[in-house]
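Down below is the structure, laid out as structure tokens.
The values are calculated or read from the model by the stated rules, or taken from the named source; none is laboratory data. Since we're looking at a predicted model, the values are computed, not measured. Please note: Cβ atoms are built from the backbone with ideal geometry, for glycine as well, and neighbour counts cover all protein chains shown. Please note that ligands, DNA and RNA were not included when accessible areas were found on the heavy atoms of the full protein model with its side chains. Shrake-Rupley method; radii C 1.70, N 1.55, O 1.52, S 1.80 Å.
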Number of protein chains: 2
Amino acid sequence: MAAVENVERAQSQTVTALLALRDLIVNGELKSGDRISELVMVERIGVSRTPLRTALVKLEQEGLIEEIPSGGYAVKAFSEADVFDAIEIRGTLEGLAARYAAERGVAQMRLAELRRCVETIDNTIHTDHMNDADFQTYLHANERFHALLAELSGSPALIREIERVARLPFASASAFVLAEASLPESQRILIIANEHHRAVVEAIENRESARAEAIMREHARLSHRNLMLAMRSQKTLDLVPGSALIRRRA
Amino acid sequence: MAAVENVERAQSQTVTALLALRDLIVNGELKSGDRISELVMVERIGVSRTPLRTALVKLEQEGLIEEIPSGGYAVKAFSEADVFDAIEIRGTLEGLAARYAAERGVAQMRLAELRRCVETIDNTIHTDHMNDADFQTYLHANERFHALLAELSGSPALIREIERVARLPFASASAFVLAEASLPESQRILIIANEHHRAVVEAIENRESARAEAIMREHARLSHRNLMLAMRSQKTLDLVPGSALIRRRA
DNA sequence: AGAATTCATTCTGTATACAGAAATACGAAA
DNA sequence: TTTCGTATTTCTGTATACAGAATGAATTCT
């Protein structure tokens, strides 16, 4: 078992505990339903109970763990429906962000940034076989595109909410990239996704707010399809971040 | 200054601290930008620092306070735009909830509950002058309607998110009721709002999902109008819960 | 008088001690 | 062997002590 270590030296104990706990949960070392014993975690992570408890409160707000009536916390379990809904919520909020961007207008410089992301993604996916470096580049550009879009809404509250729902690992923008790669439909899906990106940039530029909103909603529905495909076998599901939290129905 | 007391005896210190702090912030005793001194609050609320800090972490997640870079928390300030956006986010999420309810179908019994809320509201607003009891009845029925609608989505994640955004006092379902009452347009607005309620129930019953979604979005836009009306004078703005957090622009 | 610097105070982040409640294991009785 | 009751252990919620950092005040120098 890998020891949990501080990668960064300058961070607070609370952040250390938060990252370590999130890691343990997402990687499945703490399984759904498991009670999280504070003393065990104190030993394992190497912080005292105070920052650990602070981290637990934050994780509960994030939705990864839930309070046990008799006290303490347990790791949450997610059904396929839960994941589906989380994706739809993200799509709805990103749709609102795109609409705001289109209605309120954005500087050409920011649009150019979006276009650069689209180009970068184009360059990585139009190849016969993506290697690890391609994946990293793709992941980064995709995350950046979605983060940028949220920012362009100009609404701090909306940015916050999108970040919150995207913090559920299986609802993040790039949750299904790895799973996709192992599918035969892989390249086609990535091409379609990037076409959505291209179209929403165009819609924002033309101030077509309804179109911008609809595109981002449809974009999230690609994730719905990926989810269904990934759920078909444990092998592909294992490639989805946070898959340890998802219980497949019998 | 009213002393902060435990109303319920059986609740935890953390809950005591949370309720007390929320009260102080919403009622404006702690003003926007004020640093929240833990020791002062310990003295004022009568709990130790540990549960107080837990409550602070939760309030930060709720969005009422924010971390100060150098440590500690300060009460957040909200612009008119922030409030506007919070209302729009709530409307968008409630729209999604209504759509889910329509798509997935709900039992007649639950629909009947919704209709009872609509009737109750009808009975309270079709009178020349609403008294305090009418207000309380209205408030209760309105909150219940919105809570029920969230439930009917059948999505725990969505219920959670709606509850979260509605926890901002000025974004709650009934935030503008008191302010409305002091406006000449008062009764007309309440009648329109309840017509929205009636229409969304009908849409859900007929499985008209797009209509159900659109209605709830439009419903939230009534709050937009109320916000603008309330912002015109400090007197009406003071009637909005959490108004102390809203700074009117010069 | 104004600015800079130093010192004292205050505050937060963290660790730890303690008490009451919950969970578990053990033993006795049917 | 199974079930019920009891005792022990473990756990969480809370209070508090401590250290380093930040803030503010006072003093000194220009």
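Worth a mention:
- Whole-Å distance, taken between Cα centres, linking region A:15-84 and region A:128-182: 23
- Mean separation of Cα contacts under 8 Å (6+ apart) over length of region B:38-192, as relative contact order %: 23
- Rg followed by Dmax, in Å, when region B:92-187 is reduced to its Cα trace: 14.5, 41
- Shown here for region B:152-250: GluC sites (Glu not before Pro) in loop regions (DSSP other than H, G, I, E, B) with at most 13 other Cβ atoms within 10 Å, namely B:E185.
- Across the identical copies, how the B:R232 labels are spaced - nm, sorted shortest first, 7 Å along Cα→Cβ: 6.1
- Accessible-area loss of 20 Å² or more (1.4 Å probe, protein heavy atoms, chain alone versus all protein chains) is found in region B:80-99 for B:D82, B:D85, B:E88, B:I89, B:T92, B:L93, B:L96, B:R99.
- Residues of region B:73-99 with amide N under 19 Å of the 7 Å Cα→Cβ point at B:R221: B:81-99
- Summarising the overall dimensions of region B:87-136 from its C-alpha atoms, the Rg and Dmax are 14.7, 40 angstrom.
- Mean residue ellipticity at 222 nm, helices only, chain B: -21500 deg cm²/dmol; runs of at least 4 DSSP H residues each add -39,500 (n - 2.57), and the sum is divided by the number of residues.
- Residues of chain B were split at every exposed loop site, defined as trypsin sites (Lys or Arg not before Pro) in a DSSP loop with at most 16 other C-beta atoms within 10 angstrom, and the longest piece left, sites excluded, is B:32-166.
- Built from the Cα atoms of region A:175-237, the convex hull projects on average onto 4.0 nm², one quarter of its surface area.
- Pair-distance distribution P(r) for region A:9-77, from all Cα-Cα distances in 10 Å bins starting at 0: 22, 60, 16, 1 percent.
- Difference of contour (0.36 nm per residue) and Cα-Cα distance, B:T137 to B:R110: 7.7 nm
- About its Cα centre, chain B has a charge dipole of approximately 400 debye under the convention of +1 per Lys or Arg Cβ and -1 per Asp or Glu Cβ, with nothing else charged.
- Accessible area, probe 1.4 Å, largest first, for residues B:I192, B:I204: B:I192, B:I204
- Under the convention that each Lys and Arg Cβ holds +1 and each Asp and Glu Cβ holds -1, the size of the dipole of the protein assembly as shown around its Cα centre is about 240 debye.
- Positive dipole terminus of region A:80-239, leading residue within A:I189, A:I121, A:F145 (C-beta point charges): A:F145
- Volume in Å³ per residue [convex hull over Cα atoms, computed for the protein assembly as shown]: 181
- When the alpha carbon coordinates of region A:211-250 are projected onto the principal axes, the ranges are 38, 17, 15 Å, largest first.
- Buried accessible surface for the A/B pair, both sides summed and rounded to the nearest 100, is 2500 Å² with a 1.4 Å probe.
- On the principal axes of its alpha carbon atoms, region B:1-147 extends 52, 33, 32 Å, with the longest extent given first.
- P(r) of region B:122-250 over all Cα-Cα pairs, binned every 5 Å from zero, in whole percent: 2, 10, 19, 22, 21, 14, 8, 3, 1, 0
- Dipole of the protein assembly as shown [Lys/Arg +1, Asp/Glu -1 at C-beta], most positive-end residue of A:L56, A:A199, B:N27: A:L56
- q = 0.12 Å⁻¹, chain A: log10 I(q)/I(0) [Debye, one scatterer per Cα]: -0.77
- Cleavage-rule hits, GluC sites (Glu not before Pro), region A:29-73, DSSP coil, Cβ neighbours within 10 Å at most 15: A:E29
- Solvent-accessible heavy-atom area per residue, rounded to whole Å², over region B:127-206 at 1.4 Å: 43
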